[in-house]
Amino acid sequence: MSCNKTEDLIMRYMDGSISEMEAVKLNEHISECELCREEFQAYDEVMALFLESELEEAPPEFEERVMARIACLTPNYVRGPKWTLNNVSGTLWGIYCILFGFGVMAVMYRDAVLEFISKNPSAASVVSVLYPIRDRFVQLTSEFTQMFEQLAVTFNTYAAQSRVFVLTVLGIIIAMQVVIYVKNKDKAEAE
Amino acid sequence: MRMKDYKSMEDYALICECLKKDDEAFAELMARYKSLAYSIVIRMVNNKDDADDLAQEIFVKVYINLDKYHPDFKFSTWLMRIATNHVIDFRRKKKYDTTSIEGMLTEPEHNETPEAVAIVNERNKQLKDALDSLPDMYKMPIVLYHQQGMSYQDISDVLGEPLSKVKNRIFRGRKLLKDYLTDSKVGVAYEL
């Protein structure tokens with residue numbers, strides 16, 4: 001391990017988040033490197049001072065003095081539910097999900113919905129607008145389906161011919177990744 | 001009239017009672033957190049009288065602003081934010097002289113020798129001097145982490161700073177403390 005990584009590991013040691021492997025590496029390094037050992041001892045001394053420092057309790061009668069001070073105060077509290085950011089965003093998400101759900105149901109059961117609405121005479125003008133939209137939606141769906149079917153046929157044709165080539169290329173890429181991984185692992189262990 | 005069991009209430013429930021002008025609920029809240037607030041203040045200002053006044057002012061501020069508390073945060077985090085801001089403002093206004101340690105010496109316990117007490121006092125003074133040498137931007141997160149035992153995330157919430165900035169300041173503060181203590185030891189050796 002190199003000296004420029006020592007300080008990072010010492011910080012993790014001070015955080016109490018150093019792993020066993022890292023602790024072993026740090027110990028090995030500071031047993032060999034005098035400068036890093038002195039650095040570690042200096043930081044350890046800082047930690048020891050913190051651990052020795054005493055807790056501070058509030059003085060006696062502290063509470064009585066504070067209560068005496070607030071006794072003559074009359075704050076004007078604004079009561080009522082707090083609209084925190086979490087509440088607002090949660091409410092908006094909830095409304096959005098409900099509307100989205102209704103929208104999905106309306107599209108899936110569009111014929112039944114339109115039939116139901118058309119039974120209401122006052123909604124006749126709305127329905128007359130919705131029927132052409134429904135027809136256009138059906139037409140677009142059909143066009144997309146035909147396009148995807150054509151793409152699938154084209155892909156199957158080329159896939160059959162190039163299967164061997166694709167598998168060979170994939171095999172080479174995987175082999176290269178394994179070699180690179182093993183090399184990096186050996187390099188990390190050597191450090 | 002049925003007496004309320006304040007000790008078993010959660011902090012937010014106590015605050016709701018406080019908003020109904022129930023001072024006993026506030027007294028219970030203060031009993032829970034007075035040492036937390038006081039210890040932060042005393043570590044940032046080395047004078048017990050100033051620390052006592054500041055800690056009282058902090059709780060008065062908390063009392064006045066209770067309706068502004070959001071339950072999204074822990075009450076301790078909100079209290080610490082008020083405490084740290086109040087202390088920093090005080091230090092800025094006073095351009096605080098950080099060398100005084102009057103009244104900070106430990107009183108000997110019955111089974112402690114004077115020599116042991118002297119060693120403890122000397123060690124405490126060493127740490128206080130080292131901490132006082134730090135600018136507030138490093139001293140505050142160091143005190144909150146190492147002396148108050150707060151997590152990085154809690155400190156980030158208290159100070160209103162990003163987590164990465166808090167970590168960097170703590171790392172930098174530790175380095176400055178280490179350098180100060182090392183230099184002071186070298187200085188002593190040189191004088192001898």
Filter the stretch A:33-70 for residues that are outside any helix (DSSP H, G or I) and in contact with a helix residue (DSSP H, G or I) (Cβ under 8 Å, 6 or more places away or on another chain); which is surrounded by the most Cβ atoms within 10 Å (Cβ to Cβ)?
-> A:A58
Note on A:L73: of the conditions (1) within 14 Å of chain B (Cβ to nearest Cβ); (2) in a helix (DSSP H, G or I); (3) exposed (fewer than 10 other Cβ atoms within 10 Å of the Cβ), unmet is (2)
Lone qualifier among A:T91, A:T6 - being assigned to a helix (DSSP H, G or I), β-branched (V, I, T) and under 30 Å from B:A130 (Cβ atoms) | A:T6
Which one of the conditions (1) part of a loop (DSSP other than H, G, I, E, B); (2) aliphatic (A, V, I, L, M); (3) at pLDDT 85 or above does B:M3 fail to meet, given that it meets all the rest?
-> (3)
Please state which of the following conditions B:V60 fails to meet, knowing it meets all the rest: (1) more than 9 Å from chain A (Cβ to nearest Cβ); (2) at pLDDT 90 or above.
-> (1)
Is there a residue in the stretch B:160-170 that is of a type in the set (A, V, I, L, M), more than 30 Å from B:H70 (Cα to Cα) and modelled with pLDDT of 90 or more?
-> no
How many residues of the stretch B:17-53 are more than 8 Å from every other protein chain (Cβ to nearest Cβ), surrounded by fewer than 18 Cβ atoms within 10 Å (Cβ to Cβ) and modelled with pLDDT of 90 or more? The answer is 3
Selection from the stretch A:136-151 of residues that are of a type outside the set (V, I, T) and modelled with pLDDT of 85 or more | A:R136, A:Q139, A:L140, A:S142, A:E143, A:F144, A:Q146, A:M147, A:F148, A:E149, A:Q150, A:L151
Does the stretch B:116-155 hold any residues that are buried (at least 20 other Cβ atoms within 10 Å of the Cβ) and among the charged types (D, E, K, R), and which are they?
-> B:K139
Could you tell me whether A:Y96 is surrounded by 10 or more Cβ atoms within 10 Å (Cβ to Cβ), modelled with pLDDT of 80 or more and closer than 30 Å to B:F26 by Cβ?
-> no
Being modelled with pLDDT of 60 or more and closer than 19 Å to B:A51 by Cα is the filter; apply it to the stretch B:93-115 and report the residue that is surrounded by the fewest Cβ atoms within 10 Å (Cβ to Cβ).
-> B:K95
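Quick grid of which residues meet (1) within 11 Å of chain B (Cβ to nearest Cβ); (2) modelled with pLDDT of 85 or more:
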| position | (1), (2) |
| --- | --- |
| A:S31 | no, yes |
| A:Q41 | yes, yes |
| A:L49 | yes, no |
| A:W83 | yes, no |
Of the residues that sit in the stretch B:63-81 and are closer than 16 Å to B:S39 by Cβ and surrounded by 20 or more Cβ atoms within 10 Å (Cβ to Cβ), which one is farthest from the chain's Cα centre (by Cα)?
-> B:L79
Would you check if A:S89 is more than 10 Å from every other protein chain (Cβ to nearest Cβ) and within 28 Å of the chain's Cα centre (by Cα)?
-> yes
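The values are calculated or read from the model by the stated rules, or taken from the named source; none is laboratory data. Values in this document were obtained by computation on a predicted structure and should not be read as measured data. Note that each Cβ is placed from the backbone with ideal geometry, even for glycine, and that neighbours are counted across all protein chains shown.
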